[in-house]
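See structure below.
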Amino acid sequence: MPRRFPALLCLLCACLALGCGAWKRFGYEGFSRDGWQQPDQVLRLLEISPGDRVADIGAGGGYFSFRFADAVGAEGRVFAVDVDDDMLEYLTGRVADEGRTNVEVVRGAFEDPQLPDGEIDLVFLSNTYHHIQDRPDYFRGVLGDLSPRGRVAIVELDDRSWFPRTFGHYSEPDAIVREMEAAGYVRVADHAILERQSFQIFAPTKGG
């Protein structure tokens, strides 16, 4: 770890020189994210189909949003949701620059992602769950946003690495299950493929 400090310091200085947006994007992406995040594996297990409507809550710099856009195709729709002004500005610019006509940037609220009612086939969160204050209430509201086959996928840091343990930026997988059950969901999949994150998928409880 100490040998990485000079490189880290240089990168932090560069991010600060570029402004808040660059620093925040680094906070979302970190070092070599592709290696530990396994985005191709995550997308495969999500079983996204062309034409699907996907909401990426806490989209950040769009790490997953634009991968979802490729997966849903021209007939699908991705809602890249965030509450941070810098991230929203960055996402809006990237959508325009890349001509992503199937990506809609959404300014969410802390208590509501501001999604279209009854239309979302997949709600996805990566390292965002622990930022939500009243999670059972939040996801009870999300129930109304889901299509008849809608699901919620939560990829969340756990306590297997030093950063979340040190700074509290994680959620225990069992706590996620309890809170989602309280919100009206049942876990339908638990994928143990990620080295520092849990990966669980939930569906509305039958009749919920």
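The values are calculated or read from the model by the stated rules, or taken from the named source; none is laboratory data. Since this is a predicted model, take the numbers as computed values, not measurements. With ideal geometry, Cβ positions are generated from the backbone for all residues, glycine too; neighbour counts draw on all protein chains shown. These area figures cover heavy atoms from the full protein model, side chains too; ligands, DNA and RNA do not enter into them. Shrake-Rupley method; radii C 1.70, N 1.55, O 1.52, S 1.80 Å.
Descriptive notes on the structure:
- Leu43-Arg107 pseudo-label distance in nm [points 7 Å out on the Cα-to-Cβ vector]: 3.0
- Annotation for Lys206 and Asp134: the two label points, set 7 Å from Cα along the Cα-Cβ direction, are 3.1 nm apart.
- If you bin all the Cα-Cα distances of region 112-159 at 10 Å, starting from zero, the percentages per bin are 26, 56, 16, 2.
- Database remark: amide H of Val123 closer than 5 angstrom to the amide H of Ala55, Arg151, Val152, Ala153 (H placed geometrically; neighbours at sequence offset of 5 or more, or on other chains; Pro and chain starts carry no H).
- Exposure check, 1.4 Å probe, all protein chains in place: His131 carries approximately 100 Å² of accessible surface.
- Region 108-201: GluC sites (Glu not before Pro) falling in loop per DSSP and having at most 14 other Cβ within 10 Å: Glu111, Glu119, Glu195
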